[in-house]
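Novice: Sharing a structure, written as structure tokens. Questions coming.
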Amino acid sequence: MLSLFLSLLAITCFGLETYEDYSVVRFHEMSDESVAFLEAEDLDVWQTNKLEGWADVMIHRDQLEKYLNLYPAYKVVYENVQEEVNRSLEENEKARLASVGKPFAFDHFPTPAEVRAYMTQTANDYPNLVTTINIGNSYGGNPIGGLRLNSGSPNAPRFILQCTIHAREWITTTTCAYIIDQLLTVDTNLLQYYNWIIIPVLNVDGYAYSHSSSRLWRKNRQPGSSCVGTDLNRNYGQGWGGGGSSPDSCSETYRGTSAFSGPEVARERDYIQNLNIAAFVDIHAYGGLFMSPWGYTSAYPPAADYNEMDRLMTASCNSIRGVNGASYAYGSSYHTIYQASGGSNDWTYGYLGVVPSFCIECRGTTFTAPISQITPIGREVYAGIRTLALQVYANYQQ
């Protein structure tokens, strides 16, 4: 009876938008041109991997035969996406109800209110180490909150981590929280080296909407000319308007009307652009990737910079593999995943000169990761971040 109730609850309360008529298909042997074609068709391309030549695409049943005929090397991942959404929401709600009244323990994906409560409670529990921050308000007027962690000099360089720029990537929210937990309870020495600025949910409006109305919502909630939402990770200034982004407001990769037209990334720009930044990492899902600039062009950064990026990625991915045996592929975004203009780490490198500017895609095969993966993925991503922090700090000492 509880299972039936939670399934109904998932549909009626958490998923007002239904995906009953959609499937997800993994197409193999995909070229850049093939992926670009699918995106131009206004399909929801969940993920691609250029190194392995695949693309995961959500397709309405009325169009499915067309694309299966176009690209006959495929595997159906979810025949009915709503069934997977229901499974995920039922599992999460059951775990959330069991944890009511208890401190957040990485046993479910938190609601927006729980994220805010977690940050407040963490600052209260560690008053000498943690300060809450607000980098500004979202399009909907909601504060974009985060935490600053430091036990050393207030002038120490910033190590900036952001998560959930894409609303449906809930595993990134818990990963940012896991990193906060480890810095405060295990590797406290790292708090002496940096001012850590950690934003668990950058896309606060979209994240709330993914919990209340549309589980697979990606963009922010800013109205466009025809549809709602800007892809905030196509809205930064470096390479804005180029390939891998769309001028169509109904596209999942809609780039906005201009660079930084999305209030969330504009507020972030204003908050960080004058800081002394040692490293910047934007955490996404899914696919198990660790990526450097550039994303907007096939060119690589200058050799001296890219060699350093490659060294840091190699060390970090080795540490990741040492946790659960997971191998994260690494390289420049353009050559690893796809062309994406207007991305966050392209901007922090290109405009702010932060060489250790990376994008991580958490391991997994879906946006609806099982709750059993919250801690394992948190552990392995933290291992990579820890190594990155130590390597960058060693450079500072030379």
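No value in this document is a laboratory result; all are computed from the given coordinates. Note that the coordinates shown come from a computational prediction; the quantities given were computed from them, not determined experimentally. Don't worry about glycine lacking a Cβ; one is built from the backbone with ideal geometry, like all the others, and counts go over all protein chains shown.
Novice: Binning at 5 Å from 0, report for the stretch 164-318 what percent of all alpha-carbon pair distances ends up in each bin.
Specialist: In order of increasing distance, the bins hold 2, 8, 14, 18, 21, 18, 11, 6, 2, 0, 0 percent.
Novice: Full-extension gain between Ser298 and Arg148, please, as 0.36 nm times their residue separation minus the C-alpha to C-alpha distance.
Specialist: Gain in length upon complete extension: 50.5 nm.
Novice: Now for a separate question. Evaluated at 25 °C with a viscosity of 0.890 mPa s, what Stokes-Einstein diffusion coefficient in µm²/s does the chain have when Rh comes from the Kirkwood expression over alpha-carbon pairs?
Specialist: For these conditions, the coefficient is 116 µm²/s.
Novice: Straight-line reach from Lys75: which lysines have Cα under 26 Å away, leaving out those fewer than 8 places along the same chain?
Specialist: Result set, ordered by chain and number: Lys50, Lys66.
Novice: Take the Cα radius of gyration of the stretch 237-337 and divide it by 2.2 N^0.38 Å, with N its residue count; two decimals is plenty.
Specialist: Ratio of Rg to 2.2 N^0.38 Å for the stretch 237-337: 1.23.
Novice: Here is a further query. For the pair Ala95 and Ser31, how long in nm is the line joining their label points, each one 7 Å along Cα→Cβ?
Specialist: 4.2 nm
Novice: Okay, moving on. Between Asp42, Asp181, Asp125, which gets the highest mean-square fluctuation from a Gaussian network model of the chain, Cα cutoff 10 Å?
Specialist: Looking only at Asp42, Asp181, Asp125, the largest GNM fluctuation is found for Asp125.
Novice: Something else: Could you state the number of Å between the C-alpha centres of the stretch 199-227 and the stretch 120-138?
Specialist: First find each Cα centre; the distance between them is then 23 Å.
Novice: Sort largest first and round to whole Å: the equivalent ellipsoid semi-axes of the stretch 55-94, each the square root of five times a Cα gyration tensor eigenvalue.
Specialist: 27, 10, 6
Novice: Within 10 Å, count the other beta carbons around each residue, average over each peptide in 65-78, 369-382, and list them highest first.
Specialist: 369-382, 65-78
Novice: In the chain, what percentage of the DSSP-assigned beta bridges are antiparallel, given to the nearest 5?
Specialist: Approximately 55 percent, going by the DSSP bridge assignments.
Novice: Excluding residues fewer than 8 places away in the same chain, name every one of the lysines whose C-alpha is closer than 25 Å to that of Lys102.
Specialist: Leaving aside lysines fewer than 8 places away in the same chain, those within reach of Lys102 are Lys94.
Novice: Would you mind pulling out the separation of the Cα centroids of the stretch 298-327 and the stretch 342-389, in Å?
Specialist: Their Cα centres are 12 Å away from one another.
Novice: In what order do Ile59, Ile385, Ile135 fall by count of nearby beta-carbon atoms within 10 Å, going from fewest to most?
Specialist: Going from sparsest to densest Cβ surroundings: Ile135, Ile59, Ile385.
Novice: What does the net charge come to around Glu380 if you take all other residues with beta carbon closer than 11 Å to its beta carbon, with K and R at +1 and D and E at -1?
Specialist: +4
Novice: Between Gly364 and residues 5 or more places away or on another chain, which pairs have amide H atoms under 5 Å apart, with H built 1.01 Å from N, and which residues are they?
Specialist: Gly287, Gly288
Novice: For the chain, what is the mean residue ellipticity at 222 nm derived from helices alone (per DSSP H run of n ≥ 4: -39500 (n - 2.57); sum divided by total residues; nearest 500 deg cm²/dmol)?
Specialist: -12000 deg cm²/dmol
Novice: If you don't mind, another one. What is the calculated FRET efficiency for Lys75 to Gln397, with r their C-beta to C-beta distance and R₀ = 41 Å, to the nearest 0.05?
Specialist: Computed FRET efficiency for Lys75 and Gln397: 0.25.
Novice: Can you list residues whose amide H is under 5 Å from Trp240's amide H, if they're 5+ apart or on another chain and H is modeled 1.01 Å from N?
Specialist: Gly342
Novice: Please compute the modelled spin-label separation between Gln273 and Ala105, points set 7 Å along Cα→Cβ, answer in nm with one decimal.
Specialist: A separation of 4.5 nm, rounded to one decimal place.
Novice: Same structure, new question: Compute the convex hull volume of the Cα atoms of the stretch 82-123, divide it by the residue count, and report the result per residue in Å³ as a whole number.
Specialist: 64 Å³
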